[in-house]
Amino acid sequence: MNEVITNNYDQEHMAIDLVASDKSDTNIIAMEDGTVKTVINNVKGTNHKSKGTATYGNYVEIKHTDGKTSLYAHMKYGSIQVHEGQKINKGDIIGTIGETGNAYGKHLHLEVRNANNVKENPLNSLNNPPKQVEITPNNKTTQTKQSTSTIKKVTNTTNTYLKASNYHYGSIVDALKSIGENSSYSYRKKLAENNGITGYHGSYSQNIKLLNLLKSGKLKKV
Ligand SMILES: [Zn+2]
């Protein structure tokens, strides 16, 4: 699927969330060869008060030959095409993206555990890591807004970086000027949003963050 990441792996969300970039009912495929360990397929809708594995809604867990397991959560009711004990090849369709369990909007919540059953970043196991999109707080207010923004942001993900390694002073405005870039407030606000600095209002610490990214050549161009 042509997927994008809407929620990254971190200590509070030890998984990645993926959506199809066109928001379609996309099939989910197995990450690697393995054997189906768990299938839960009786969840008909969302439950935002659910706890534990019930938060996953309908899900499939696959034990891989290298000892890792992958878990695909929130799948659509009636879409799961595999059963426990079934041998699976990489790329086999296991079901369809859905919104069951504790999910807001259709997405795949993908978790990977290593051979010691410790969660790890699924991106380490994917050959072609999907593009990442930044969801800014404004976009979280409504699902529609979020989806529109997701699509828009994807087309913006060109991953061209700005660099001002020869600039040695403390002003983001001057640093941008030194490389012939727009240094206006509105452009810096866009740069901030595009680089994960939310709620940009030109504060000292936000400007320093922008400047440090720019000096190290890691400031994503808008
Ligand atoms: Zn998730």
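Of the residues Thr55, Thr35, Thr96, Thr100, the single one that is farther than 16 Å from Leu126 by Cα, surrounded by 19 or more Cβ atoms within 10 Å (Cβ to Cβ) and touching a Gly at 6+ places or on another chain (Cβ under 7 Å) is Thr100. Of all the criteria given as (1) within 16 Å of the ligand (Cβ to nearest atom); (2) not in a strand (DSSP E or B), the one not satisfied by Asn42 is (1). Being closer than 23 Å to Asp10 by Cα and either of a type in the set (Ser, Thr, Tyr) or without any contact (Cβ under 8 Å) to a residue 24 or more places away in the chain (or both) holds for only one residue in Asn102, Asn116, and it is Asn116.
All of Ala30, Ala73, Ala15 fail the test of being assigned by TED's automatic domain parsing to the domain that holds Asn124, more than 15 Å from the ligand (Cβ to nearest atom), closer than 19 Å to Ser125 by Cα and crowded, with 19+ Cβ neighbours inside 10 Å, apart from Ala30. Only one of the numbered conditions (1) over 24 Å from Gln11 (Cα atoms); (2) in contact (Cβ under 8 Å) with a residue 24 or more places away in the chain is not met by Asn47, and that is (1). With respect to the conditions (1) in contact with an Asp or Glu (Cβ under 9 Å, 6 or more places away or on another chain); (2) buried (at least 16 other Cβ atoms within 10 Å of the Cβ), Gly45 lacks only one, and its number is (2). Per the listing Lys63, Lys106, Lys119, Lys68, the residue uniquely in contact with a Lys or Arg (Cβ under 8 Å, 6 or more places away or on another chain) and at pLDDT below 95 is Lys106. Scanning the stretch 169-204 for residues being in a helix (DSSP H, G or I), of a type in the set (A, V, I, L, M, F, W, C) and more than 11 Å from Lys221 (Cα to Cα) gives a total of 4.
Whether any residue in the stretch 55-62 is more than 26 Å from Asp10 (Cβ to Cβ) and not in a loop (DSSP other than H, G, I, E, B) is what I want to check. No; the residues of the stretch 55-62 include none that is more than 26 Å from Asp10 (Cβ to Cβ) and not in a loop (DSSP other than H, G, I, E, B).
Residues in the stretch 84-99 that are assigned to a loop (DSSP other than H, G, I, E, B), closer than 23 Å to Asn8 by Cβ and not acidic (Asp, Glu): Ile97 alone.
The values are calculated or read from the model by the stated rules, or taken from the named source; none is laboratory data. All of these numbers come straight from a predicted model, not from anything done at the bench. FYI the Cβ positions are ideal-geometry reconstructions off the backbone, even for glycines, and counts take in every protein chain you see.
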